[in-house]
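The values are calculated or read from the model by the stated rules, or taken from the named source; none is laboratory data. Keep in mind the model is a prediction, meaning the values are calculated, not measured. With ideal geometry, Cβ positions are generated from the backbone for all residues, glycine too; neighbour counts draw on all protein chains shown.
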């Protein structure tokens, strides 16, 4: 499954006077070579319904891999509003899909820090293959209790494997993204650090006339840290350059270069 870096979370990148606001337009590029890492300790929870009478679960280990993808572009619009020392932010961005977040932080003369929460609908490619299981007993007059647990001995393999490569959203719903940021100001220069994390949620679903099979995979979290330096050229323009690292419960730290520019409306 393709996994991009988690969206970057930013503060004001400079000191803001109390009870003021600002709007920021940004464009960034993230680039490096593509890498692939094997995953471990993934669980597959399979549910199936026969004529709405049966519902059973199968816990099974899954082999999988993450494909760290580069390069890609992002663009964002942010509204920043400072009340006393508290900085409120909203972010709407195009980031391999659509991302939106809210942030709350503290902005002082030389330092800022804060937290954020957002929702992300992103576009990726993934492929899967596996074996479907069926009940040994399929008599329609036998009513199974909903949510009852059935042992593996009561299941048999359909001897059919199903695999397909396709392009799809990573989930049917928006994926939560959690983040934190901090910056140090040195005149027109600021040093920025941020952390963001999300958990991919991919579901395999197969529907037929009398059966609906769904397999939910418990994937490792994808965590991303950003380290960058920003330079405010003038009142409106800012340039940025830095690095990002993707890591989690899978091997390696996957570094990339990141950079871009921002325009402040005031």
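Could we say that residue 83 is more than 18 Å from residue 196 (Cβ to Cβ) and either crowded, with 17+ Cβ neighbours inside 10 Å or modelled with pLDDT under 90 (or both) here?
For residue 83, the condition - more than 18 Å from residue 196 (Cβ to Cβ) and either crowded, with 17+ Cβ neighbours inside 10 Å or modelled with pLDDT under 90 (or both) - is not met.
Could you tell me which numbered condition residue 227 fails, if it satisfies all but one of (1) within 21 Å of the chain's Cα centre (by Cα); (2) farther than 16 Å from residue 189 by Cα?
(2)
Of all the strands (runs of 3 or more DSSP E) wholly in the range 211-266, which have at least 1 residues that are modelled with pLDDT of 95 or more?
Numbers: elements: 211-217, 222-232, 237-248, 250-264.
So the answer is 222-232, 237-248, 250-264.
In the range 108-123, is there at least one residue being at pLDDT below 90, touching a helix residue (DSSP H, G or I) at 6+ places or on another chain (Cβ under 9 Å) and either surrounded by 11 or more Cβ atoms within 10 Å (Cβ to Cβ) or not in a strand (DSSP E or B) (or both)?
no
Going by the structure shown, is residue 77 part of a strand (DSSP E or B), under 30 Å from residue 251 (Cα atoms), modelled with pLDDT of 65 or more and out of contact with any helix residue (DSSP H, G or I) (no Cβ under 9 Å at 6 or more places or on another chain)?
No, not satisfied.
Here is a list of conditions, (1) in a strand (DSSP E or B); (2) buried (at least 18 other Cβ atoms within 10 Å of the Cβ); (3) at pLDDT below 85, and residue 70 meets all of them except one; can you say which number that is?
Of the numbered conditions (1) in a strand (DSSP E or B); (2) buried (at least 18 other Cβ atoms within 10 Å of the Cβ); (3) at pLDDT below 85, the odd one out for residue 70 is (1).
Give me the residue from the range 93-105 that is surrounded by 15 or more Cβ atoms within 10 Å (Cβ to Cβ) and assigned to a strand (DSSP E or B) and, out of that set, modelled with the lowest pLDDT.
Here the residue is 97.
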